[in-house]
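The values are calculated or read from the model by the stated rules, or taken from the named source; none is laboratory data. All values reported here derive from a predicted model rather than from experimental measurement. Cβ: placed from backbone, ideal geometry, glycine included. Neighbour counts: every protein chain shown.
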Amino acid sequence: MISLNNVTFKWHKNDPIPTLNIPTLIINKGEHVFLHGPSGSGKSTLLALLAGINTATSGDVLILSQNLNTQSNTKRDAFRADHIGYIFQNFNLLPYLSPIENVTLGCEFSKSRQQKALKQHSEPKPSLQKEAVRLLNALGLNEQYHNKDVATLSIGQQQRVAAARAFIGSPELIIADEPTSALDANNRQNFIKLLFEQAKLSNSTLVFVSHDESLKPLFDRAIDLMSLQEPL
Ligand SMILES: Nc1ncnc2c1ncn2[C@@H]1O[C@H](COP(=O)(O)OP(=O)(O)OP(=O)(O)O)[C@@H](O)[C@H]1O
């Protein structure tokens, strides 16, 4: 599913040492991986490489056997829209749209994801909105909030909207960058369980970044970014 070979990444070409220096990293299809490391160690930078938002300075980043480093920006954008759901640290929701509108936007730029989402609700007629409602319910957002402006929701509720948006159209890879930092311990674990259920249903691989190491045992595997990197 994910394969990194001899990857380095520098933010600026004159940086004396790279921010990332990863000889090898393999993540298998369907794995739920917990990625951790100290603040500033490069977790978000790595997620941006996996999503093709940035490209490696050297080495290969293969996602679903596609080498993101040899693709044009346009191709990488299309690849991301088709195959990757991203839950951002600050959620990146559109505040004056409703949860349902924010979730359906998640497959706005991908025909294949729209088709997959519509397949879930083909009767009596295909409906993206119905799939958005199903996902919002599955991720724990009560129906009474589905049509309110997102800006009026609590942080925990917005987080559920951001997760539903990432899952619409069942992308093969879900990337989550500290999506639980604003929640208390109980809500965090509950939310992660809902994420796992959804990832199983859509057969998605999950890469999840958090500082909270108490979450580690919930995952199939934990990766410490510091021990992954080659010493320089
Ligand atoms: N846009 C940018 N331009 C230049 N340097 C950056 C940029 N974004 C991050 N960096 C640098 O890259 C390094 C890794 O940052 P990154 O955000 O990936 O770390 P992190 O492990 O996700 O940290 P945190 O846990 O605090 O979110 C840091 O030294 C940071 O200053």
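Worth a mention:
- Residues of the range 1-39 satisfying the condition of being closer than 30 Å to ILE192 by Cα, among the hydrophobic types (A, V, I, L, M, F, W, C) and in a loop (DSSP other than H, G, I, E, B): MET1
- Considered as a group, the residues in the range 19-42 that are within 14 Å of the ligand (Cβ to nearest atom) and free of Cβ contacts under 8 Å to residues at least 40 places away in the same chain include one that is nearest to ALA176 (Cα to Cα), and that residue is GLY40.
- Within the range 136-160, the set of residues being of a type outside the set (S, T, N, Q), modelled with pLDDT under 95, surrounded by 14 or more Cβ atoms within 10 Å (Cβ to Cβ) and part of a helix (DSSP H, G or I) comprises ALA138, GLY156, ARG160.
- Among the candidates HIS36, HIS12, the residue that is more than 14 Å from VAL207 (Cα to Cα) and not polar (S, T, N, Q) is uniquely HIS12.
- Residue in the range 87-94 that is farther than 22 Å from THR8 by Cα, modelled with pLDDT under 95 and more than 16 Å from the ligand (Cβ to nearest atom) present: yes
- For beta carbons closer than 8 Å, sequence separation of 6+ or different chains, a first residue in the range 66-83 that is part of a strand (DSSP E or B) and a second that is of a type outside the set (Lys, Arg) and buried (at least 18 other Cβ atoms within 10 Å of the Cβ), the qualifying pairs are GLN66/PHE79; ASN67/VAL61.
- Among the residues of the range 203-229, those that are surrounded by fewer than 18 Cβ atoms within 10 Å (Cβ to Cβ), outside any helix (DSSP H, G or I) and not acidic (Asp, Glu) comprise ASN203, HIS211, ARG221, ALA222.
- Within the range 121-171, the set of residues being touching a Phe, Trp or Tyr at 6+ places or on another chain (Cβ under 7 Å) and polar (S, T, N, Q) comprises GLN157, GLN158, GLN159.
- The range 177-221: number of residues that are away from the ligand (no atom under 15 Å from the Cβ), under 23 Å from LEU20 (Cβ atoms) and of a type in the set (A, V, I, L, M, F, W, C): 2
- Counting only residues that are of a type in the set (S, T, N, Q) and farther than 20 Å from THR70 by Cβ, the range 1-44 holds 7 of them.
- Verdict on ILE63 being of a type in the set (A, V, I, L, M), crowded, with 18+ Cβ neighbours inside 10 Å and more than 16 Å from the ligand (Cβ to nearest atom): yes
- Residue check, THR45 out of contact with any Phe, Trp or Tyr (no Cβ under 9 Å at 6 or more places or on another chain), within 15 Å of the ligand (Cβ to nearest atom) and outside any loop (DSSP other than H, G, I, E, B): no
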